[in-house]
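Here's the structure, in structure tokens; my notes come after.
Derivation of every value follows stated rules applied to the coordinates shown; laboratory data play no part. Quick caveat, the model's predicted, so the values are computed rather than measured. Virtual Cβ from ideal backbone geometry, glycine too; neighbours counted across all protein chains shown.
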Number of protein chains: 2
Amino acid sequence: MQVILRRIPLLLFAALLCGHGRARAEDGYHLWLRYRPVQGQWLAPYRAAATEVSGAADSATLLAAQAELTLALGGLLGTTPAVTDRITQDGAIVFGTPRSSASIARLRLDLGDIGTDGYLLRSTSLVGHRVIVIAGNDDLGVLYGVFQFLRLLQTRQPLAHLDMKSAPRVQLRLLDHWDNLDGSIERGYAGASIWDWQKLPGYLDPRYTVYARACASVGINGSVLNDVNASAASLLPLYLRKTAALANVFRPYGLRVFLSARFSAPIEIGGLSTADPLDPAVRAWWRAKADEIYRLIPDFGGFLVKANSEGQPGPQDYGRSHADGANMLAEALAPHGGVVMWRAFIYSQQQTDDRAKQAYTEFTPLDGSFRDNVLLQVKYGAIDFQPREPFHPLFGAMLHTPLMLEVQLTKEYLGFATAMAYLAPLWQETLDSDTYAQGQGSTVRKVIDGSLYGSAHTGIAGVANIGADRNWTGSHFDQANWYALGRMAWDPGLESAAIAEEWVRMTFSNDAHFVAPVVAMMMGSREAVVNYMTPLGLHHQMAYGHHYGPGPWVNDAPRADWNSTYFNRADAHGIGFDRTATGSNAVSQYAPEVAARFGSLDRTPEKYLLWFHHVPWDYRTASGRSLWDELVRHYSQGVDSVTGMRKTWSGLAAYVDPERYSQVAAFLAIQEQEAKWWRDASIAYFQSLSNLPLPEGFGPPEHSLQYYEALCFPFVPGEGGKHSLDCKR
Amino acid sequence: MQVILRRIPLLLFAALLCGHGRARAEDGYHLWLRYRPVQGQWLAPYRAAATEVSGAADSATLLAAQAELTLALGGLLGTTPAVTDRITQDGAIVFGTPRSSASIARLRLDLGDIGTDGYLLRSTSLVGHRVIVIAGNDDLGVLYGVFQFLRLLQTRQPLAHLDMKSAPRVQLRLLDHWDNLDGSIERGYAGASIWDWQKLPGYLDPRYTVYARACASVGINGSVLNDVNASAASLLPLYLRKTAALANVFRPYGLRVFLSARFSAPIEIGGLSTADPLDPAVRAWWRAKADEIYRLIPDFGGFLVKANSEGQPGPQDYGRSHADGANMLAEALAPHGGVVMWRAFIYSQQQTDDRAKQAYTEFTPLDGSFRDNVLLQVKYGAIDFQPREPFHPLFGAMLHTPLMLEVQLTKEYLGFATAMAYLAPLWQETLDSDTYAQGQGSTVRKVIDGSLYGSAHTGIAGVANIGADRNWTGSHFDQANWYALGRMAWDPGLESAAIAEEWVRMTFSNDAHFVAPVVAMMMGSREAVVNYMTPLGLHHQMAYGHHYGPGPWVNDAPRADWNSTYFNRADAHGIGFDRTATGSNAVSQYAPEVAARFGSLDRTPEKYLLWFHHVPWDYRTASGRSLWDELVRHYSQGVDSVTGMRKTWSGLAAYVDPERYSQVAAFLAIQEQEAKWWRDASIAYFQSLSNLPLPEGFGPPEHSLQYYEALCFPFVPGEGGKHSLDCKR
């Protein structure tokens, strides 16, 4: 058989050679914990600063700290430092707590302000030797300190005059895995679930340990293992034993397991006829279930609950309130120290009011009626993880209820794994927003870190983008969102650019010629997505169901507020959702200062324009251009940004291994195509309504509107089994 | 927070250290193509025998051959040989065809009997130098020769007097992937599908190349990409473009793509109102679809079809025969050289006759009525991939129809990925079986290799056990079944033990202290499973639906022949399925010599006893023991075998890297538990009917029958989304 030569993949043999054999493949598996050799000017001072590791690893966590130190220093410095029980030379790394380490006890460090999870790093002298101390009040603080110390080396920071303390400003720093027990992941774009339930508890995949290390390295301290659209099966003894095995692996790393609890579990696996939260048998069932869980997992974190939302069961099925439901579960967990994270993401099939208003309407009357160990988990915006949303009005409205921030790492609405979108700027934008709840300066950040309302519980949760793909997150750059989630949850005051720079240095290279352009590319990446998908405050314009690609024309979904047209309200005259007093009056859910701004066409920030206002096509924007022209310009700018990202990346091949270089390049090419598709399809649709010509210099869509509307994508990942060949939408 | 020390996983830190960093992790990713350094006595002669690589790599396939040679020799010998265009020294490896290589042309080798895929390996002299020639008539033969040459090094064979020729005895050597477009795999136990449909064609995962290399290394030359329970979406242009991208990656390795075709696709994606194979519009639709496919994929292999079986659409929906359906597709493919592989695995909802008889009843009348490019793909036995089945009666009954053998690598019925079961002995048992179709010596092997009936087409297909797990197959030892499938399809006369030894040497170690016990363990592993699951001819005794664990009591499945009791027919008096003339008379479907043997209680091999006979509990077996005692003894022997495997493995830690050692050890521990569960549950059930005491020295089941019946396993992998909390079965 003569082989037909058709586009022989030229990279094929390069990939073959570099993916194999001699050198370690740069496949992303080791995340930002690569610990590749330090070169150049930094090697000598780092070697001098880390000659030995000194401390008693008398707990699993300190053992993990010590193992990480020796592993990392061995990799970074090319020589594994000796582990000693006392300081024998200059350059000792002394780690521990005042309890575990006599050296640290002797220093009488002021550790009063760093709590249980914080750490202190200090260059000092001990028994006549230069040492670096990594200290905490508790073992976990030491582990966190070790990772911070290693980060300094990984990012080439000077070690000579170390003197820093850090403690987390948020208590619950969680990943929410939307993983199903069959291995599928709702809205997952990085392969199957990393939890191999079938082989648990008999087999503990080494990957679980890498996951726990990665989480601990950025301060993540909890993992909700299963989808919020939960199966009651997760609460069966069979699965609790498997969960307990994971908890055992995670425990040394300070990572606690949580479960999404299905509200109707007492019926489905408990044999009861009701799940009414006021029914004594139901309450007893949950108490017994909590007791059972804590017998297996003494440090179990608690339950995450999606109730009475998108078809999930909940207390309203029995005429009870969300507070009744949450409090019942909280009561069961309270004796064990667990919490309930009750999701505020609800909107009703019956309710015809603006979907953006419904969570506020539902929950504000309940403020103050939740038990102490309940947190309300609120998405950053009132719709659903859009590329840009104004902050959720609940953040300024629940003064007596601890509010957790929920963000989404998996890019359900931002182009899936192949699109580059560094999300920390989005989160920072939310955290920077001023609710005016207690007057000016009442930022979401202060709500979330508890300082505004004096909350007893605080938390930030990110819907995980993690799967069994070798690089964990489906793309190399999506790892940055996992990294940033942890860093920003630890300290919501960190700048997203600074986090990006840390990550780039640890993950790719410390070469300034690489770091600066890549950080810039990352920092612009989310705005690029906003521009080519949903500029100027547009939202929820994606295709139906799978959410892949544009669908501004979607108007026949089974419920009104699943339609794109519900949100864009575009017609011959204009576009946008009037949420002022003349419309749904969603602005009234904000504090008066905010409501006045968002309610005013002139004062609304243009990035939120069409979120709050229905605006005629010829409306003059700040630039002096008409809204129509500005819209086209934004879409096009989004495409141009991605073209620019491709160009930036193509100039950086010399600084990256070929394996990662080629994957990122391929993904950016895909993203550029998809950006153009979004732009062209959106313009084609809106032009069919506005009947306006494109502004000078902007090319027409490549295809007709009919072409875009007819595109059909069965079996796009992330839908969790809901697939259809019916492509009318 | 004080960390609670609960069973700190001791292997955790070992895994952390060895899984990371310095040395390459032995995670199984490189399969049997590891190319680790040769040590000891073999290094010097191998280095002398392979000093340079000489040949013109003027095609993609020869480029692949050359790349593999340099990669492998570099790894094995520690120094990458130079690639030269002429022979410059002793030890040149001269590869190519008489067309590509002047050196090979000059040798005037007799390549007349090796066809297009065969190869010749010879030590000889050329231009005054000692050389090794790797020659083929065609480029692909050269590539296969390269892999054989490397296998000799990998298994430490002498190279001094090489003189071998080999050509495949079977034309189609295929993997059938039961992969769905959403990434799930029906009966898959190794993670998600390796086909990342969402990212294709824009991104070509380097893994596709490793897959193609691995297939080529054992002679596999085709890959059916999607599940036989197919979605019509695979035939949409969207997916054909993605398939074409995979075909481009595979092409240099001689690996052709095939698709499972959904019979009703003309309705579902073609807009027709019928899929009647005699309807001209339907025929035209398939012809156009075939033309479209071949425009994208000029070497497309053809269609695999599951029709009118287990709910799949097919020609009988329109009152047409299987031949009508197959011939319509064959007609569409014929102009392009494609084939139809029509599955004989059918049994009817309506049909009440013994399920084991139905395929024969259906297909024998059609013998001779299929088009030339149709093969009938027949499972090794008449039920469904059981640990042991007598050979399928169709193998002796279709003299005018090419018959392909279908085996299953994924261990749907053999304990999933964690159970060790080397399957080549099972396949060899089938191939060795004598159909007597043309008198004594009419083995299944001769049917399959075409020599018995003079078939124009031949093929062996294995249902793949491959997924996105890092080790590809869910366990290290399951790789051996992928390896063996290719080797045995190339030459169905190979001994399964010899194949196992090759694989062990290439994959683990050439140390005789390791090779001998591991090969012995592998060779006994399938019989162990037979014994603890389905001894003495029992079959189809697993749990309903997911097929995980024992379920001999299953009697309420939605159709009779999905029940275990349908197959075991156990009652107070005896056990077994009477398939003699007094029963279903399935024996009559075999040639008279075979029918006489299987039909006789005395002459039936005891391993098939309960397949063909209903036998009283007190029946005297060959050992002199009663059937009941013998049954208990077999179950127990299965458990003991696994215990022995664990013991064997635990003595081999010194010869294996800790990463693979610990995974295999963990899996064997799981298998031992599951073997005991199978034994105990089966004995508990059958004892509830036989009311007989256990023979002396055999312990009672650990739990009651009620306990085993109540065990419930929701979300076991491999069911493809059909999950339920209903555990009554």
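Please list, by residue number, every one of the trypsin sites (Lys or Arg not before Pro) in the range A:548-584 that is coil in DSSP and has at most 13 other beta-carbon atoms within 10 Å.
A:Arg559
What full-extension length gain, to one decimal in nm, is calculated for A:Ser123 and A:His513 as 0.36 nm per residue of separation minus the Cα-Cα distance?
Length gained, A:Ser123 through A:His513: 137.3 nm.
Could you let me know the centre-to-centre spacing of the range B:390-413 and the range A:313-346, using Cα atoms, in angstrom?
Cα centres, the range B:390-413 to the range A:313-346: 57 Å.
Pull up the cross-link candidates among the lysines for B:Lys676, meaning alpha carbon to alpha carbon under 27 Å and not fewer than 8 places away within one chain.
Within reach: A:Lys199, A:Lys242, B:Lys411, B:Lys607, B:Lys647, B:Lys728.
Can you tell me the equivalent ellipsoid semi-axes for the range A:410-513? Use √(5λ) from the Cα gyration tensor, largest first, whole Å.
One finds semi-axes of 28, 16, 12 Å for the range A:410-513.
Report the FRET efficiency, 1/(1 + (r/R0)^6), for A:Gln351 and B:Gln673, where r is their Cβ-Cβ distance and R0 is 30 Å, rounded to 0.05.
Approximately 0.05, to the nearest 0.05.
Whole angstrom only: what separates the Cα centroid of the range A:121-168 from the Cα centroid of the range B:652-720?
50
Please list, in order, the residues from the range A:120-153 whose amide nitrogen is less than 14 Å from a point placed 7 Å along the Cα→Cβ vector of A:His161.
So the set is A:123-124.
Once the Cα gyration tensor of the range B:62-168 is found, what semi-axes does its equivalent ellipsoid get, as square roots of 5 times the eigenvalues, in whole Å, sorted largest first?
With the √(5λ) rule applied to the range B:62-168, the semi-axes are 19, 16, 13 Å.
Round to the nearest 0.05 the FRET efficiency obtained for A:Thr88 and A:Ser688 when R0 = 51 Å and r is the Cβ-Cβ distance.
Efficiency computed from Cβ-Cβ geometry: 0.05.
Read phi for every residue in the range A:516-524 and hand back ³J(HN,Hα) as whole Hz from Karplus 6.51 cos²θ - 1.76 cosθ + 1.60, θ = phi - 60°, with x for Gly and Pro.
Those phi angles translate into 4, x, 6, 4, 4, 4, 4, 5, x Hz.
Using DSSP to define loop residues, name the trypsin sites (Lys or Arg not before Pro) in the range A:98-164 whose beta-carbon has at most 12 other beta-carbon atoms within 10 Å.
Taking the range A:98-164 and a limit of 12 other Cβ atoms within 10 Å, the loop trypsin sites (Lys or Arg not before Pro) found are A:Arg108.
For B:Met542, list long-range residues whose amide hydrogen, built 1.01 Å from N in the peptide plane, is under 5 Å from its own amide hydrogen.
Result for B:Met542 returns B:Gly551.
Measuring label to label, 7 Å along Cα→Cβ, what does A:Val127 give against each other copy in nm, shortest first?
Here the equivalent label points are 6.9 nm apart from this one.
Using alpha carbon coordinates only, what is the Rg to Rh ratio of the protein assembly as shown, with Rh defined as the Kirkwood radius?
My calculation puts Rg/Rh at 0.97.
³J(HN,Hα) across the range B:644-650 via Karplus (A = 6.51, B = -1.76, C = 1.60, θ = phi - 60°), whole Hz, x for Gly/Pro?
The phi angles translate into x, 5, 4, 5, 4, 5, 5 Hz.
Place a point 7 Å from the Cα of B:Arg371 along the Cα-to-Cβ direction; which residues of the range B:336-357 have their backbone N under 20 Å from it?
Under 20 Å, as judged by backbone N against the label point of B:Arg371, lie B:336-344 of the range B:336-357.
Each residue of the range A:528-541 in turn: what ³J(HN,Hα) in whole Hz from Karplus with 6.51, -1.76, 1.60 and θ = phi - 60°, glycine and Pro shown as x?
Once rounded to whole Hz, the list reads 4, 5, 3, 5, 7, 9, 9, x, 6, x, 4, 7, 6, 10.
For A:Met404, list long-range residues whose amide hydrogen, built 1.01 Å from N in the peptide plane, is under 5 Å from its own amide hydrogen.
Excluding prolines and chain starts, which carry no amide H, the hits are A:Leu376, A:Gln377, A:Val378.
Between A:Ala284 and A:Arg241, what FRET efficiency comes out of the Förster formula 1/(1 + (r/R0)^6) with R0 = 22 Å and r the beta carbon distance, rounded to 0.05?
0.45
Which percent, nearest 5, of DSSP beta bridges in chain B are antiparallel?
So the antiparallel bridges amount to about 30 percent of the total.
Nm distances between the label at B:Ser623 and the same-position labels in the remaining copies, 7 Å along Cα→Cβ, shortest first?
Spelled out, the distances from B:Ser623's label point are 8.6 nm.
Viscosity 1.002 mPa s, temperature 20 °C: give me the Stokes-Einstein translational D for the range B:107-148 in µm²/s, with Rh taken as the Kirkwood radius over C-alpha pairs.
205
Using only alpha carbon pairs under 8 Å that are at least six residues apart, calculate the relative contact order of the range B:588-702 and give it in whole percent.
21
Enumerate the residues in the range A:542-569 having an amide nitrogen under 18 Å from the point lying 7 Å beyond the Cα of A:Ser704 toward its Cβ.
Those under the cut-off are A:553.
Check cross-link reach from B:Lys289 to the aspartates and glutamates: straight Cα distance under 17 Å, and skip same-chain residues fewer than eight apart.
B:Glu268, B:Asp276, B:Asp279, B:Asp299, B:Glu331
With the radius of gyration and the Kirkwood radius both derived from the Cα set of chain B, what is their ratio Rg to Rh?
A ratio of 0.97.
Would you mind working out the magnitude of the charge dipole of the range B:158-267 relative to its Cα centre, with +1 at each Lys and Arg C-beta and -1 at each Asp and Glu C-beta, to the nearest 20 Debye?
320
Tell me the volume per residue, in Å³, of the convex hull enclosing the alpha carbons of the range A:460-610.
Looking at the range A:460-610, the number lands at 174 Å³ per residue.
Cα convex hull of the range A:575-729: how many Å³ per residue?
Convex hull volume per residue, Cα atoms: 200 Å³.
Once amide H atoms are placed 1.01 Å from N in the peptide plane, what residues at a sequence separation of 5 or more from A:Gly302, or on another chain, have their amide H within under 5 Å of its amide H?
Result for A:Gly302 returns A:Leu259, A:Val339.
Between copies, how close do the B:Arg559 label points come, placed 7 Å along Cα→Cβ, listed in nm from shortest?
3.8
Pairs of Cα atoms under 8 Å, at least six residues apart: use those to get the relative contact order of the range A:177-277, whole percent.
Worked out over the range A:177-277, it gives 29 percent.
Taking every DSSP beta bridge with both residues inside the protein assembly as shown, roughly what % is antiparallel (nearest 5)?
For the protein assembly as shown, the DSSP antiparallel bridge percentage is about 30.
Relative contact order of the range B:99-187, please, whole-number percent, based on alpha carbon pairs below 8 angstrom and at least 6 residues apart.
27
At 7 Å along Cα-to-Cβ for each site, give me the label-to-label distance between A:Asp432 and B:Ala557 in nm.
Each label point is offset 7 Å from its Cα along the Cβ direction, giving 6.2 nm.
At 7 Å along Cα-to-Cβ for each site, give me the label-to-label distance between B:Lys647 and B:Asp113 in nm.
Output for this residue pair reads 4.8 nm.
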